[in-house]
Every structure is written in C-alpha cells, then in structure tokens.
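Have a look at the structure below before the remarks.
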Amino acid sequence: MKHDVVARSVLTALGGSENIQAAAHCATRLRIVTVDKTLIDQAALDADPDVKGTFEAGGQFQIIIGPGDVDKVYDELVALSGVRAATKDEVKQVAGQGGNIVVRFIKMLSDIFVPVLPALIAGGLLMALNNVLTAPGLFGPDAVTTMLPALADPAALINLLAAAAFAFLPVLVAFSAGQRFGANPYLAAALGAAMVMPSLVNGYNVAEAVADGTMTYWHIFGMDVAQAGYQGTVIPVLAVVYLLSVSEKLLRRVLKGTFDFLFTPMISLLVVGLATFIAVGPAMRWVSDAITFGLSWAYESLGFLGGALFGLVYSPIVVTGLHQSFPAVELSLIAQGGSFIFAIASMANIAQGAACLAVFLLVRRGSKLRAMAGASSVSALLGITEPAIFGVNLRLQFPFFIGMGAAAVAGGFISALGVKAISLGAAGVIGFVSIQPASIPQFALCALISFGLSFGVTLAYGRWRVSRGRPLDPAEGVAPLVPVPAEPEASEPVVAPTTVPAASDAETALVDIVSPARGRLIPLSEVPDPMFSGGVLGGGMAVVPSEGEVTAPAAGVLTAVFPTGHAYGITTDEGVEVLVHIGIDTVNLAGAHFTALVSAGERVEVGTPLARVDWTAVRAAGYDTTTPIVITNSDIFEVVAAVEPTEVAPGEPIFHVHHSEVAPRV
C-alpha cells in the first residue's frame, strides 16, 4: 500500500482539508468529523481498493484501512491536510457538538439509555421466561408452575430478578443521566431512589389513588404535595437530574473547598427534591402520560393503517438515529399495558435482515459484499440492523425500500391483531419472548409475513434486475449468481466443488490459526461491532476470553503493535496478515489495564505472550472483551472454520487459512 497515495485519495473524497473538523485513528480505522457530510464522495471511497469499508457512528465518519497501515495513512493525511492531530476522545467531543438541536437531543438520550439497556433487556427476557412458566394455556390448560409445582418458587425468584430493574428504573436512569449531564451520579441515584421510596404511593397506582381519594399529601408552605412515586417513569427522572446538574454547577461557583464538599450535595438534594415533588415531577408525569396516550390512541384507533405507517418509517428512523429515544416511550407504554413499538420494530428488523439475506444469495461467492451481507443478515434478524442497513441495503437501495414495504404490511397486521410487548428485549426473530403470551402466535405469523415478503420480493427483483443486464452494485463490480443470458458456448466451464482435493481442511491449509486466549469461541457474526460482524476487516473467528494472557495465534513478524496495547498485527512467512483485536472499543481505555509484552518488528512464535490484560478491570469499565482474530488480507486468502463455537484453550486451532482457490470462506 502506498500510504501517501491512499491519504491523498481519502482527503479528496472527504471534500478537502477545509471539510475536516477533527481527525484521529484507532487500530484499524480513520475517525473523521466533517463540516459538511454531503461533500463526502462515497463512490470514490467504495472504489478505492485500499479502503476496506466506511460507516458513520456517533457523528464520526469512520474509514477502514486496516492494522499496520492506518497509522501511516493517518500521518500522511495530517501532513497533507494540515489538520491538527487529535485524540479519539477529542474527536468524539467534537462530533457530539455537531448537528441540530434534535440530533443532539437524540444523542443525549442514546448516551443515557445505552448503558442502562443491558439491565432492562436482561430483566425483560427474565420476565418473558416467567411468563412462559406462569401463563396458562401455553403448554396445556394450566400454567407450567401448576403442572409442575416444583417450579413455582424458581419462577417467583425469576420474577423478582426480572422486576428489579423496572421497579427501580429511576435509580438506574438517574445514575446514567447524572454522568451524562455532569451531575454527581451517586447524588443523582439518591434522588432517583427518593422517587421510588416504598412510603410513597406506587407510581403505577397514582391515577387510581387520586380518583378514589386515597392519595396522601404533605403540607409544605401551604401547599398540598402528593406523596406520589415515579416507578416505571423516565421523563420526570431526566428532568430532575438535569435540574440537579444545574444546581450543582451553580453552587460550585459560589462555594469553595470544604464548604463545597459539605453543602453543595445537601443543598442540591434538598432544593431539587422539593422541586421534584412540588412541580417538576407532576409536570413531567403529565407530559409522559400525554405522549403515551397519544401513541396508544394512534395505534388503537387507526388500526391497520397506524401500524403500517409506523412499520414503513421505522427503518428510516433507525438511519437517523431517532430510534435511540424510543426506550423512554416504550417503558411508559409497557407500564400501561404493553408496547406496540417493540412489536413493529421487530417486524422492520426482520424485513431488513431478510432483504440482506436475499442479497447474500444474489451476489457472487467470494465478494466483499457477499461476506458482509451474510453476517449482517444474521445480525439484523437477531435485532441489530445497522450493519445490514448501512453496509448492504442502503448501498444497493432497492433492498432497503423493499424491506420498508414488507415492514409496513407486517406492522399493519401487528396493529390489527393487537400485538404488544410486555418487556424490552431483542427486536427480531427471538422477540416473541417479550410479547404477551396470548399474542405470540400472532407475532410469529406477522414475522413470517415480514420475512417472506421482504426476502421473496428482494430475490425476485434482484434476479429480474440482473436479467436486464443491470449489475446489483456497479461500485463493487459484483457478478451475480444468476448470469446475464449468453450463448452456452461462450460461458466458462464451472469448476465444481468436488474438484477440490479430498484431503481435510487441516491437511490443505496454508496456515493454522490457534486461539490466543482461554475462553468461548464464537463466529464473527456475533461480535458487537459492525466492522467485524460484517466481515469488512476480513474472515476469522472471535474468542470471549475468561482469563490469562493473550498469545500469538500464528508465527510471524509483528507488523503492528498499537500503543494502547489492545491490538496486534502479525504477518506470517506465507504473507497471511493476522489481526488480534482485544476487546471492542477498548482503544478508548488509552492503554489502561493493558500491558504489551512485545514490540513491533519482533518475530513471534505460536503461543508467544503478546499482552497481559486485567480482564476484570476492562469489564468493570464497561467494555466488551470479545477478541476478534481476523485475516485482514482475505482478498488473497480464505478462511475455513476448524471447529464449531465452543470452549477453547490457548493454542487450540480455531480456523484454517487457504489460498483463495482452495475453499470458499465460511
């Protein structure tokens, strides 16, 4: 790779140096914040053979270059453009300031709810499991716990664990919002806890208590202040924590030293606590109820049309990022009987996944687009659609729009059949576990409609498009499986798979790649990063480490050792380029909890220790430790899985690398 040439072409495609606000890089990607996104020449980037892929996330335009090259391209880019070299945190901060007020508001909600979602999803899935055990009529006339009394107490414990995150939701949201708004997160959590104290009237019973006259009141400064709890609410919590952050910042300007330490928390909690129960809480409860009522009315009153409209626009909403604000509304809907948003979102995600799967069957074997479509379709069907939407469907356009249409039809049936979710979860084919038990068959029917329509129409239209001589993706230059009609004599003979030597994969392998750590082996499609799960960086496998050092998965020369110690590139004697990327987004730890044991330029053997990692500390910092091992020059070499996902020890084979003509990538 000629790094100066790549940097120059990237700079031109980005619209020149005047269109770059900030630039940084990690182990594999350039991270750019642009002034005007419309000036980016996406076609030029897609056509560049040295650019492995692009995507946008968090306001950053990320360009995949690959390990061992990205830092050199970055240095050339900085030299050419004159842009000040920045850290990843600085770029992230600049990116967060961009966009209009709506975009910033959505990003704010995303920053607050993304850290909380694991607890909510876990609670939702446990709630679904409890429903399976306790709902009558699923496996017989009585509930499972009635037929098997020994499961009654385990079901009760499961229900306790499931309900905890929702019962104390204001505490979780307050803590996360405190971090986002700049308030003391522990003080924010204390305020959230005050809003769900057992001595208050439970938030789910407030309306009934007011109606029948059983609401209790405090008499403060001549006012009757309702002793109302805020269980299951989100908007009131966000408002009062923001008010808390303002109070703390104002007081810290006035109080200094010991006085600040002693009195800022006390005064803030007292003042904001009074405001919470006197004015802010009741007002925001009304706003929350109004939004919930309006959405419920549209869903229940417009029938098929209402569901179809929401299904039609859900995927475009994902493109804008607005869907990150939905948990705030969904939780209110669930508290009042069920969320139609989750059910229709599942239909939209299934439709996009099915369209992406059809693309996988349409493009030729071995292409970069096919690899991305295969992994992304599975991810989308399980509820994570960004790789499929941005990497495949929007790129070809017609699969995205067909998916929208299929989601509209399925969403209409969701509304007509009254299907709702009673908990959060994975909005995809496994979303049925979060649906009201009585509506699971209807949900399954709608899912089949969504998948069948999207997959069938995309496949049929793609084949028709090819038959008319129009390539699916001119920028990729991909030849479809369905050939353009031609004379039989002019076609090239097809080499059947049976012509491959009968020797085993291990015997024909050019290089064997072994596990670099003890842990659980998983396919790349399960890695929570679209560039790995979509196969953009190459084929391979991933390990979820449990303990121990990270060792070399192959023998060769270390061509890249990232300064933060989280990523290593090895080039074998055969020319195979192996990337070991420890954790997801762990570059943001800036080297904390990682100790590199090698240096660039060294030769390593299989099993040579590369890094010592404090796995507990990395997980405690909120980072996923999944470690992908990928072949970054997969355009030359092919990956064949050695074993099925399982528990592995360091040194155990996890996949083989062949010359591209030996075997197809899996």
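The values are calculated or read from the model by the stated rules, or taken from the named source; none is laboratory data. Values in this document were obtained by computation on a predicted structure and should not be read as measured data. Cβ placement follows ideal geometry from the backbone for every residue including glycine, while neighbour counts extend to all protein chains displayed.
Can you name every residue in the stretch 369-380 that is within 13 Å of PHE451 (Cα to Cα) and either free of Cβ contacts under 8 Å to residues at least 60 places away in the same chain or among the acidic types (Asp, Glu) (or both)?
SER377, ALA380
May I ask you to verify whether SER515 is at pLDDT 50 or above, under 30 Å from GLN62 (Cβ atoms) and not acidic (Asp, Glu)? First the steps, then the outcome.
Details: at pLDDT 50 or above: yes; under 30 Å from GLN62 (Cβ atoms): yes; not acidic (Asp, Glu): yes.
Yes, satisfied.
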Practice problem: Working carefully through the options THR608, THR564, THR586, find the one that is of a type in the set (S, T, N, Q), surrounded by 23 or more Cβ atoms within 10 Å (Cβ to Cβ), farther than 26 Å from PRO49 by Cα and not assigned by TED's automatic domain parsing to the domain that holds LEU30. | Solution: THR586
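Determine whether the stretch 285-297 contains at least one residue that is at pLDDT 90 or above and of a type in the set (Ser, Thr, Tyr). Reasoning before the result, please.
Initial filter on the stretch 285-297 (at pLDDT 90 or above): none.
Checked the stretch 285-297: no residue is at pLDDT 90 or above and of a type in the set (Ser, Thr, Tyr).
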Quiz item: Going by the structure shown, is ILE584 assigned to a loop (DSSP other than H, G, I, E, B) and either out of contact with any helix residue (DSSP H, G or I) (no Cβ under 7 Å at 6 or more places or on another chain) or at pLDDT below 85 (or both)?
Solution: yes
Practice problem: Output the qualifying pairs, or none if there are none: Cβ atoms under 7 angstrom, residues six or more apart or on different chains, first residue in the stretch 520-535 and outside the structural domain of SER377 (by TED's automatic domain parsing) and in a loop (DSSP other than H, G, I, E, B), second residue surrounded by fewer than 18 Cβ atoms within 10 Å (Cβ to Cβ) and among the charged types (D, E, K, R). | Solution: PRO528/ASP624
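Going by the structure shown, is THR632 crowded, with 19+ Cβ neighbours inside 10 Å and within 23 Å of ALA24 (Cβ to Cβ)? Lay out the reasoning, then the answer.
Details: crowded, with 19+ Cβ neighbours inside 10 Å: yes; within 23 Å of ALA24 (Cβ to Cβ): yes.
Here the answer is yes, as THR632 does meet what is asked.
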Exercise. Among the residues of the stretch 241-291, count how many are touching a Gly at 6+ places or on another chain (Cβ under 9 Å) and closer than 25 Å to MET223 by Cα.
Key: 4
Exercise. Return the only residue of ALA165, ALA143, ALA228 being under 27 Å from the mean Cα position of the chain (by Cα) and crowded, with 21+ Cβ neighbours inside 10 Å.
Key: ALA165
Self-check item: Any chance MET541 is assigned by TED's automatic domain parsing to the domain that holds THR586 and assigned to a strand (DSSP E or B)
Solution: yes
